[in-house]
Amino acid sequence: LTGVLDDCLCDIESIDDFNTFKIFPKIQKLQERDYFRYYKVNLKRPCPFWADDGHCSIKDCHVEPCPESKIPVGIKAGSSNKYSKAANNSKELEDCEQANKLGAVNSTLSNQSKEAFIDWARYDDSQDHFCELDDERSPDAQYVDLLLNPERYTGYKGPSAWRVWNSIYEENCFKPRSVYRPLNPLAPSRVFILGSVCRFSWTGLCLEKRVFYKLISGLHASINLHLCANYLLEETWGKPRWGPNVKEFTRRFDPAETKGEGPRRLKNLYFLYLIELRALSKVAPYFERAVVDLYTGNGHEDAESKALLLDIFRDTKSFHMHFDEKSMFAGDKKGAKSLKEEFRLHFKNISRIMDCVGCDKCRLWGKLQTQGLGTALKILFSEKEIQSLPENSPSKGFQLTRQEIVALVNAFGR
């Protein structure tokens, strides 16, 4: 990929150089610190939009011979669609069994970590929260160590995964009039014959809606890239070997394999990077205040974490080709307000669809990256509130929870 990205004045080469030599090494270090490696997530929330799929939606994949103690917690949440005896045969059984194993979330935590979380929660409770996360206090919410649960290939694919992305693109996204996407694996091919020859067109989409679509496409590209880069290549004697799968990458991004759409998907990943980079530069004043610290209970480590974060902020401010968010929602006030609310509701709906992802590990990273992007948008839409923050006291005008901070940093790290 080369050249200037659409809808901004930034070129791909500049982003590559800036990220490789300035940002990426520091973000990697930050993600390894205790404050940023633990994320609280509810993997048991039911899908709010449709009944769970039968084949390998994982949550309802009660397949022998997996012992119950080893099935990811998300699978136990529902019981409405157990396999029939006839469906429980050979290939499907093996696929589900493998997906259960690969998609399992490692939720083991030391007693010391559990005690620290209680302390952190008390500290969070004393802060002025900007908003209450909908399920953070649910008894089903649990802390997950992100370093023990890397985003990678899990075996989750097929109709269930397709349904999630189809709902996002077709029902909750401002989609260009025609974009080639893989066809529904369940539908007769003749029904979708037109979809296979469609070409890309932005006709009728304003900047805001183009931005929205690119962000979702960029998020999708990021997820696909990570499963290609960290793929189960082989498993011998119970020892898996993970690594880059070039064939899978080609299938998802090569122009010849994607009717020319692959490079555009990758460009949208760069666009997503720019948006989240811009959010980090905008939120710097919030963290530069002495009243804000990254509290874990270890004063020395907390100070080092904040120093590293502020160092990253300095780098983000030095980037000279930021996306100009002021160009968005700049029309008449009434229309702009209505469009912004539509933008917000669409994104909120997409975050709810992540509860329809069948594989625990996929759901974990889908929810985290969606919340990270949502936090970035919240920051970009709150510039005045951030600029007017008091130096030495918490503010009701703008507040980030620990959940939002962890999600933002890890989503950008992805």
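The values are calculated or read from the model by the stated rules, or taken from the named source; none is laboratory data. Given the structure is predicted, the values throughout are model-derived calculations rather than measurements. Note: ideal-geometry Cβ built from the backbone for every residue, glycine included; neighbour counts use all protein chains shown. In case anyone asks, the SASA skips ligands and DNA or RNA and just uses the protein heavy atoms, side chains included. Shrake-Rupley method; radii C 1.70, N 1.55, O 1.52, S 1.80 Å.
Just to be sure I understand the model, the point goes 7 Å from the Cα along the line to the Cβ. What's the resulting Met321 to Lys333 distance in nm?
It works out to 3.7 nm between the two label points.
As a test question: what accessible area, to the nearest 10 Å², does Lys214 have when a 1.4 Å probe is rolled over all protein chains in place?
Answer for Lys214: close to 10 Å² accessible.
Which whole number in µm²/s is D for segment 255-387 by Stokes-Einstein, with the Kirkwood Rh taken over Cα pairs at 37 °C and 0.692 mPa s?
Taking Rh from Cα pairs, D becomes 187 µm²/s.
Tell me, in nm to one decimal, what length is gained between Glu385 and Glu288 on full extension, where the rule is 0.36 nm per residue of separation less the Cα-Cα distance?
The span from Glu385 to Glu288 would gain 33.4 nm if fully extended.
Using alpha carbon centroids, what distance separates segment 346-413 and segment 225-259, in Å?
Spelled out, the Cα-based centre of one part sits 29 Å from the other.
Through the Karplus equation 6.51 cos²θ - 1.76 cosθ + 1.60, θ set to phi - 60°, convert the phi angles of segment 241-252 into ³J(HN,Hα) values in whole Hz; use x for Gly and Pro.
Each residue of segment 241-252 in turn: 10, 9, x, x, 10, 5, 4, 5, 4, 4, 4, 8 Hz.
So what's the gap between the Cα centers of segment 267-342 and segment 1-19, to the nearest angstrom?
After rounding, the separation between the Cα centres reads 19 Å.
By how many nm would the segment from Glu248 to Glu304 lengthen if fully extended, with 0.36 nm per residue of separation less the alpha-carbon distance?
16.2 nm
Of Lys40/Lys337; Lys282/Lys367; Lys333/Lys378; Lys114/Lys239, which sit over 27 Å apart, Cα to Cα?
In this structure, Lys40/Lys337; Lys114/Lys239 exceed 27 Å between Cα atoms.
Percent of accessible area on segment 284-353 owned by carbon and sulfur, 1.4 Å probe?
Summing carbon and sulfur atoms, their accessible area is 55 percent of the total for segment 284-353.
Using a 10 Å cut-off on Cβ atoms, rank the peptides 252-265, 30-43, 220-233 from the highest mean neighbour count down.
Ranked from most to least packed, the peptides come out as 30-43, 220-233, 252-265.
Run the simple label-point estimate for Ser113 and Arg241 please: 7 Å along Cα→C-beta, distance reported in nm.
Roughly 2.9 nm, to one decimal.
Under a 1.4 Å probe, what is the accessible area of segment 275-378 per residue, stated in Å²?
Per-residue value: 40 Å².
Grab the beta carbon distance between Asn392 and Trp50, set R0 = 45 Å, and tell me the FRET efficiency rounded to 0.05.
0.35
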